[in-house]
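The values are calculated or read from the model by the stated rules, or taken from the named source; none is laboratory data. From a predicted model like this one, the values you see are computed outputs, not experimental measurements. Cβ: placed from backbone, ideal geometry, glycine included. Neighbour counts: every protein chain shown. When the accessible area is computed, the model is the full protein with side chains, heavy atoms only, and any ligands, DNA or RNA have been set aside. Shrake-Rupley method; radii C 1.70, N 1.55, O 1.52, S 1.80 Å.
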Amino acid sequence: MATELRWALIVISAIVIGGLLIHGLWSVRKKGSDEAKVQSGSKAESNDEHQTTNALRDDEPDIGELSFAATDDELEHSDVEKSKNSDEDAQLHEQDREAEQTQEHDQEQAQQPQDFIILHIEMPEGLTMAGSRLLPSVLSLGFKYSEEGFFNRHVEPSGNGPVLFRLVNMFNPGTFDIDNMEQFSTAGVSLFMTLPCDGDGLGAFNMLHGAAKKLADEFGATVLDSNREPLSVNTVRAYVEKVREFS
């Protein structure tokens, strides 16, 4: 009886120990499986997060490159604007300078006193100068016809340079119609110069005086002063002094 009980206890102990061993192995395996699943899940999540992050990074623009590109465009645009503004400022400055120079010149001309030397060539009463004769005579003295209808004597006989003095019709409107000189006639013409004169004032007056005498001799006319009195030596001297005052 005691022997049977001992064997029964041995068998039960073996069964219990075997059950414990089996349960322990099953627990260890289950735990390992769960840990593997957790690790696998973590790795999967980590991979998904990594892929998502990479995808987002791939989709995101390169901030550094965009920053430099934008900076270059802004610099280029800024340079263009600066250059444009600089050109506009230079043009405005040049226009202002020219306007100031013109204004200063006009003010100097306005402030500068002016006077005139006038000589008249008058025909005897009842006689006139024929345009057909007057035109070649005037041209031979170096006068050039102007758009205003006057004959101008320039510094150069070719018509270049400033105007020294002018020849006009003694009677209104004071102009000549060069296209109808054959039908034109007048009882006198006038020569005048403005003081101060461009260039040599005394030389210009001598030319004016000489032209007046030549025209008077050719047409049998009389040279008169600005008061329409016959030109005298004293008046010529007074004219010379006036020219010198403005020289």
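A few comments on the model shown:
- Index of the failed condition, PRO230 passing every other in (1) within 20 Å of GLU148 (Cα to Cα); (2) open to solvent by 20 Å² or more (accessible area, probe 1.4 Å): (1)
- Residue list for segment 205-242, filter: touching a residue at least 24 places away in the same chain (Cβ under 8 Å) and either in contact with a Cys (Cβ under 7 Å, 6 or more places away or on another chain) or of a type in the set (Gly, Ala, Ser) (or both): ALA211, ALA212, ALA216, GLY220, ALA221, SER226
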